[in-house]
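Here's the structure we're looking at; comments come further down.
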Amino acid sequence: MSADDLVVSRPEGLYCPPGDFYLDPWRPVDRAVITHGHGDHARYGHAHYLAAAEGASILRTRLGEIDLTTLPYGEPVSHNGVRVSFHPAGHVLGSAQVRLEHAGRVWVVSGDYYVAGERDDPREHNTTCAPFEPVQCDCFITESTFGLPIYRWAPQGSIFASINAWWRANAEAGRASILLGYSLGKAQRILQGVDASIGPIVVHGAVDTVNRAYRAAGVPLPRTQFVTEVEPALLAQCLVVAPPSAQRSPWLRRFGDYSDAFASGWMQVRGTRRRRAVDRGFVLSDHADWPGLQRAIAATGAARVIVTHGFEAVMVRWLTEQGIEAGAFATEFGDRDDDEPGSAAASDATA
Ligand SMILES: [Zn+2]
Ligand SMILES: [Zn+2]
């Protein structure tokens, strides 16, 4: 670390000394720059919030009446001589990387981001939000949620084909299909990716709240219903999209016989599926896989990389082998996917 670093770690969170503001702070501060609406990145209690305009409705839905200033992607604002701008991270609606420019240096804080595979393939973009845009910088602060070589996502087309086949088989056998996924981001990706002609789609109230923000932002989603709106005879044909907190809750009893599944990057590891005690696991993530992380980091051209939440040690070793100056910040961001139990974001206020 050097005295003129643009971002340092403080007990309250990541801090920009010349700008005198924090990035996704985990303790209440005066000025917070927010990358996206997940609970471990956007917390209550800050006096002022700055975020990408595309994520404003999500932040207001989750945090209520906050003092929020927004900027469209790519549009800079100057604060204490630091030029701040937001750039798409491809993770959830409104998710952003934060670009900081001061005295000729450029640093980028990634927040959480999604980019998959060794090459950029538009078929693998997350189409529920603006795709990740690489930003040239001197120092890139990257997440590393899935920063291990075992994490390589299958093509989205094959993941959704598996989900559709599971739903269709359940419908033919007369049981509902309960698909658990985090209500912000994962649920909307599921809804957009499935074949809505198989049967009615029912959503949990927590998912519907977020859907409203997505639809208002112009993100196309198929028709969804509340359980009370579906003819009882059709409940066995339903796909039910619900947050993980709904698992084994009384809310699920009204569907009668059902099969349940969980959609998460962690489903790539068999032990996680067993611990979750669901019938099926679908490996669908809103975070970069191992080749995606490598590609995203390389695209920034950064000579220095600081790794946060995830597999910091493995990533730092790999970066050092590439001749990149690498270090890590300890953070209080969820070091597991947002839908893992025990992560800060798993306590979904609207679930
Ligand atoms: Zn996130
Ligand atoms: Zn995160």
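The values are calculated or read from the model by the stated rules, or taken from the named source; none is laboratory data. What you are looking at is a predicted structure, and each value in this text was computed from that prediction instead of being measured. Reconstructed Cβ throughout: ideal geometry from the backbone, glycine too, with neighbour counts over all protein chains shown.
Tabulated values for the structure
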{"item": "One residue from Ala116, Ala130, Ala56 being in a loop (DSSP other than H, G, I, E, B), in contact with a strand residue (DSSP E or B) (Cβ under 6 Å, 6 or more places away or on another chain) and not assigned by TED's automatic domain parsing to the domain that holds Lys186", "result": "Ala130"}
{"item": "Sole residue being hydroxyl-bearing (Ser, Thr, Tyr), more than 16 Å from Gly111 (Cα to Cα) and touching a strand residue (DSSP E or B) at 6+ places or on another chain (Cβ under 8 Å), chosen from Thr70, Thr35", "result": "Thr70"}
{"item": "Within the range 317-348, tally of residues that are at pLDDT 95 or above, assigned to a loop (DSSP other than H, G, I, E, B) and β-branched (Val, Ile, Thr)", "result": "1"}
{"item": "Condition met for Val305 (crowded, with 19+ Cβ neighbours inside 10 Å and not in a loop (DSSP other than H, G, I, E, B))", "result": "yes"}
{"item": "Selection count, the range 248-277, where residues are surrounded by 17 or more Cβ atoms within 10 Å (Cβ to Cβ), under 22 Å from the mean Cα position of the chain (by Cα) and outside any strand (DSSP E or B)", "result": "8"}
{"item": "Out of Ser183, Ser144, Ser162, Ser177, sole residue that is within 26 Å of Val109 (Cβ to Cβ), in contact (Cβ under 8 Å) with a residue 60 or more places away in the chain and not assigned by TED's automatic domain parsing to the domain that holds Val305", "result": "Ser183"}
{"item": "Members of the range 163-197 found to be over 21 Å from Arg248 (Cα atoms) and touching a strand residue (DSSP E or B) at 6+ places or on another chain (Cβ under 7 Å), listed by number", "result": "Leu191, Val194"}
{"item": "Filtered residue count, the range 280-299, keeping only those that are among the basic types (Lys, Arg) and closer than 17 Å to Phe311 by Cα", "result": "1"}
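One line per residue, one yes/no per condition, for (1) within 16 Å of ligand 2 (Cβ to nearest atom); (2) assigned by TED's automatic domain parsing to the domain that holds Ser183; (3) polar (S, T, N, Q); (4) farther than 30 Å from Ala171 by Cα:
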| site | (1), (2), (3), (4) |
| --- | --- |
| Ala261 | no, yes, no, no |
| Arg274 | no, yes, no, no |
| Ala277 | no, yes, no, no |
| Thr300 | no, no, yes, yes |
| Gly310 | yes, no, no, yes |
| Ile324 | no, no, no, yes |
| Gly327 | no, no, no, yes |
| Gly334 | yes, no, no, yes |
